[in-house]
Amino acid sequence: MSVEHAQVQRADFDQFMVPNYAPAAFIPVRGQGSRVWDQNGRELIDFTGGIAVNSLGHCHPRLVAALTEQAGKLWHVSNIFTNEPTLRLAKKLEEATFADRAFFCNSGAEANEAAFKLARRVAHDRFGPQKCEIISALDSFHGRTFFTVSVTGQPKYSDGFGPKPEGITHVPYNDLAALEAAISERTCAVVLEPIQGESGILPAQQAYLEGARRLCDQYDALLILDEVQTGVGRTGELFAYMHYGVVPDILSTAKGLGGGFPIGAMLTRSDLAKHFSAGVHGTTFGGNPLACAVAEAVIDVVNTPEVLQGIKAKHQRFKTRLEAIGRQYGIFSQVRGMGMLIGSVLSEPWKGKARDVLVAAEQEALMVLQAGADVVRFAPSLVIEDADIDEGLERFERAIVRLVRG
Ligand SMILES: *Cc1c(COP(=O)(O)O)cnc(C)c1O
């Protein structure tokens, strides 16, 4: 029997795949909006959004149209040539943000890799090789390439792979005094997530981001905001920095940008971008027509007052109900986050049990995420129907009842 015609099942994962993931017991085969069906035809409500990636849910007609139209035109030409979707996407992102230069790649890690390399290159060219230190936050997450995982403030992800890149310091998040103590003339960049995503949906305090901006200016360091998770409408503004009014020098984004099609972007200003002259950095697939055509459609849909306003309203709908569930069953100490990026922090007796909540939710045909062991994370479609929110939270409450009763 050829592999092509063989039935595949979850058990095959353990036999054929590198075991660096531990996927759920079911295999999704089809999605529409915020609903997903598995191999057995079971329907689930999706509050995961592919980890904050499926900005417009599954198979949004505008994205399907953009992808299929481009698929019939031009897939790839390499960066020896530019292409129309890339240029249109760059213009749209720049019209909507602080930036006037864009670099496209294929993932969040690659966007951060480009951001960190650019920051070091700018400092090297302007001030010399001693100005190379990058300051990042403890519990941050910036990707899995060796440079970005070393900047990530979670040593468990970077230990055990040999010598790490040097010149990286980690300081406690939301602690301006600690940042002030660490920054120096040797600092080339400070990198922060406006909301720490992977480690628990923890938003930056206003004074912290403002203070970081001020310190960076004082020490000629660049402020890099990692908006891989918070970007492209996720928080109810096109980018989270807009909530704070704190403008970065470099912004990285990815996850939601392609709505499920892999693409990442580094946005910056021309006075910095010029240090990446021809040949200094690159990628084969970055900025390819298919990815950029889909991302352009994502931006067209998301960057409208109706959709951004809708995200804020949906946040309230989620939060009100989650807080009620938390009060009734004593399971949450706090519900936090912005827009369609919400974290329910487990109360003391439930600490460490986020995984149990995921499993219980799945038994009620609901997909949710965790962010660390203590936080249940919700990152659904930015245009999820109110009816799906309500039905999903019904299922969620049933899952909590199931857990509480043991
Ligand atoms: C997911 C994430 C990354 C890594 O993105 P990949 O596409 O997995 O490489 C980087 N930074 C943040 C804040 C993220 O949430």
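Arranged from fewest to most other beta-carbon atoms within 10 Å of their beta carbon, Asp356, Asp374 become Asp356, Asp374. The string of couplings for region 19-28 from the Karplus curve (6.51, -1.76, 1.60, θ = phi - 60°) is x, 7, 10, 10, x, 4, 6, 9, 10, x Hz, one whole number per residue in order, with x for Gly and Pro. Loop-resident trypsin sites (Lys or Arg not before Pro) (DSSP state other than H, G, I, E or B) in region 307-406 with no more than 14 further Cβ atoms inside 10 Å of their Cβ: Lys351, Arg405.
Based on the Cβ-Cβ distance from Ala25 to Tyr329, what FRET efficiency comes out when R0 is 25 Å, to the nearest 0.05? Efficiency, from the Cβ-Cβ distance: 0.50. Cα extents for region 84-143 along the principal axes, largest to smallest and rounded to whole angstrom: 40, 31, 19. Based on Cα contacts under 8 Å between residues 6+ apart, the chain shows a relative contact order of 21 percent. For q values of 0.12 Å⁻¹, compute log₁₀ I(q)/I(0) with the Debye formula on a Cα-only model of region 169-270, without solvent. Debye curve over Cα of region 169-270, log10 I(q)/I(0) at q = 0.12 Å⁻¹: -0.38. Rounded to whole numbers, the Karplus 3J(HN,Hα) couplings from phi for region 322-328 are 5, 5, 5, 4, x, 5, 5 Hz, using 6.51 cos²θ - 1.76 cosθ + 1.60 with θ = phi - 60°, and x at Gly and Pro. Antiparallel beta bridges, as assigned by DSSP with both residues in the chain, represent about 65 percent of the total such bridges.
Legend: translational diffusion of region 74-302 by Stokes-Einstein, Rh = Kirkwood radius over C-alpha pairs, 25 °C, 0.890 mPa s; D = 140 µm²/s. Put in order of Cβ neighbour count within 10 Å, fewest first, the listed residues Val280, Val77 become Val280, Val77.
Once the Cα atoms of helix 354-363 and of the chain are each reduced to a long axis, what angle between those two axes, in degrees from 0 to 90 to the nearest 10, is obtained? Here the helix axis deviates by roughly 40 degrees.
Structural descriptor for region 74-302: relative contact order 29 percent, calculated from alpha carbon pairs under 8 angstrom and at least 6 residues apart. Taken over the alpha carbons of the chain as equal point scatterers, the Debye sum produces base-10 log I(q)/I(0) values at 0.06, 0.07, 0.14 Å⁻¹ of -0.24, -0.33, -1.33. Entry for region 1-142 at q = 0.10, 0.11, 0.18 Å⁻¹: log10 I(q)/I(0) = -0.64, -0.76, -1.30, Debye formula applied to identical alpha-carbon scatterers, no solvent contribution. Highest mean packing comes first when the peptides 199-205, 80-86 are listed by Cβ atoms within 10 Å, giving 199-205, 80-86. The spacing between region 236-285 and region 82-145, judged by their C-alpha centroids, is 6 Å. For the peptides 126-139, 360-373, 30-43, residues were scored by their other Cβ atoms within 10 Å and the scores averaged per peptide; the highest-first order is 360-373, 126-139, 30-43.
Averaged over residues, the count of other Cβ atoms within 10 Å places the peptides 247-258, 16-27 in the sequence 247-258, 16-27, highest first. Helix 289-302: angle to the longest alpha-carbon principal axis of the chain, degrees 0 to 90, nearest 10? Rounded to the nearest ten degrees, it is 70.
None of the figures in this text is laboratory data; all of them are computed from the coordinates on show. Every value quoted in this text rests on a predicted model; they were computed, and no experiment measured them. Every residue, glycine as well, gets a Cβ built from its backbone with ideal geometry; the counts of neighbours run over all protein chains shown.
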